[in-house]
1. Name every residue in the stretch 36-63 that is in contact with a helix residue (DSSP H, G or I) (Cβ under 8 Å, 6 or more places away or on another chain), without any contact (Cβ under 8 Å) to a residue 60 or more places away in the chain and in a loop (DSSP other than H, G, I, E, B), in order of residue number.
2. Within the stretch 63-86, which residues are under 15 Å from Ala110 (Cβ atoms) and under 20 Å from the mean Cα position of the chain (by Cα)?
3. Being small (Gly, Ala, Ser) and closer than 22 Å to Ser54 by Cα is the filter here; which residues of the stretch 124-151 pass it?
4. With Asp279, Asp275 as the choices, which residue is without any contact (Cβ under 8 Å) to a residue 24 or more places away in the chain and within 26 Å of Thr115 (Cβ to Cβ)?
5. Which is under 12 Å from the mean Cα position of the chain (by Cα) and crowded, with 21+ Cβ neighbours inside 10 Å, of Ala174, Ala168?
6. The conditions are (1) in contact (Cβ under 8 Å) with a residue 40 or more places away in the chain; (2) under 30 Å from Asp275 (Cβ atoms); (3) touching a His at 6+ places or on another chain (Cβ under 8 Å), and Pro155 fails exactly one of them. Which is it?
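The values are calculated or read from the model by the stated rules, or taken from the named source; none is laboratory data. Computed from a predicted structure; not experimentally measured. Don't worry about glycine lacking a Cβ; one is built from the backbone with ideal geometry, like all the others, and counts go over all protein chains shown.
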Amino acid sequence: MDGGLNEWMDWRRVGAFGALGALGMVTAVVGGLAVWQRRLIYFPDPAPVPAAESVIPGGRDVVLQTSDGLRLGAWLFGPASPQRDGVAVLVAPGNGGNRLLRVPLARALAGHGLTVLLLDYRGYGGNPGSPSEQGLARDVRAARDYLTGVAGVAPSRLIYFGESLGSAVVTELAAAHPPAGLVLRSPFTDLASVGRHHFPILPVRTLLREHYPVAETIGRIAVPTVIVYGTADSVIPPGQSRAVAGRAGGPLRLVAVPDADHNDRALLDGDLLIDAVLDLADQIRT
């Protein structure tokens, strides 16, 4: 959930035209939310991205084949050193931009000996298709299939890393195909709860067709889990990330990044985040 939601309307300006005008505006917004809601959820940068080698030396451009016939571009980065050889991280991004924005994360993780796959969903980074909850579920499965198949990564050496909306994507994947470890960065309880936070006047839960029930799903996942969140997050309320942690079904580590907002660099490749991933990777290797 990377911006956009809080830019829709300032309801404090409603009033001069009386109750009838306000009702008309509410009706228009409700109708728009029902019809255009995916435009309020997904903010893809559809532009093609450069070659992987040009962003991190040794990077490889790979193609992921989805179950509904799409071919998605992704980047695979090998470990810069062998100290954690064999452990791989599947990175599922948030709802904005494309994989180019996640290069600092991949560089930091690969620099500490991890293999990293940077996924772009359908509609992002030059990929075909349009994003949806079901579509993203197919996309992340294609990424897992590539890592455990073509790349030869053992499932017992695979970490899922989900950023914001991606935390919901990998939580759903983990319930069906458990990894060795799970990292959720700025998770939310479910999409309707985020929408209700930003649109308190609207019947968001009734209107939404996308659900992403993270808190409901995570209790079924028994693997070691790390949850990282910013204490000043203005997009995903910090209390929602803590609520997800409270529902975790496996061993849990909760990492609060002081004063960090949702898109701050500290939550991209900051020391607290990277150290949390490395600690989890070291648990997997032992």
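1. Correct list: Pro50, Ile56, Gly59.
2. Keep residues of the stretch 63-86 that are under 15 Å from Ala110 (Cβ atoms), which gives 74-86.
Ala74, Trp75, Leu76, Phe77, listed by residue number.
3. Residues satisfying the conditions are Gly125, Gly126, Ala143, Ala151.
4. Working: Asp279 fails: without any contact (Cβ under 8 Å) to a residue 24 or more places away in the chain.
Going through Asp279, Asp275 in turn, just one is without any contact (Cβ under 8 Å) to a residue 24 or more places away in the chain and within 26 Å of Thr115 (Cβ to Cβ): Asp275.
5. Values: Ala174 fails: under 12 Å from the mean Cα position of the chain (by Cα).
Unique residue meeting the criteria: Ala168.
6. (1)
Okay, residues lined up against (1) surrounded by fewer than 23 Cβ atoms within 10 Å (Cβ to Cβ); (2) at pLDDT 95 or above; (3) among the charged types (D, E, K, R):
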residue: Leu114; (1), (2), (3): no, yes, no
residue: Leu117; (1), (2), (3): no, yes, no
residue: Tyr121; (1), (2), (3): no, yes, no
residue: Asn127; (1), (2), (3): no, yes, no
residue: Gly135; (1), (2), (3): yes, yes, no
residue: Gly162; (1), (2), (3): no, yes, no
residue: Leu184; (1), (2), (3): no, yes, no
residue: Arg196; (1), (2), (3): yes, no, yes
residue: Val204; (1), (2), (3): yes, no, no
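Residue by residue, here is whether (1) touching a residue at least 40 places away in the same chain (Cβ under 8 Å); (2) part of a loop (DSSP other than H, G, I, E, B); (3) at negative phi holds:
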position	(1), (2), (3)
Pro200	no, yes, yes
Glu216	no, no, yes
Val223	yes, yes, yes
Ile227	yes, no, yes
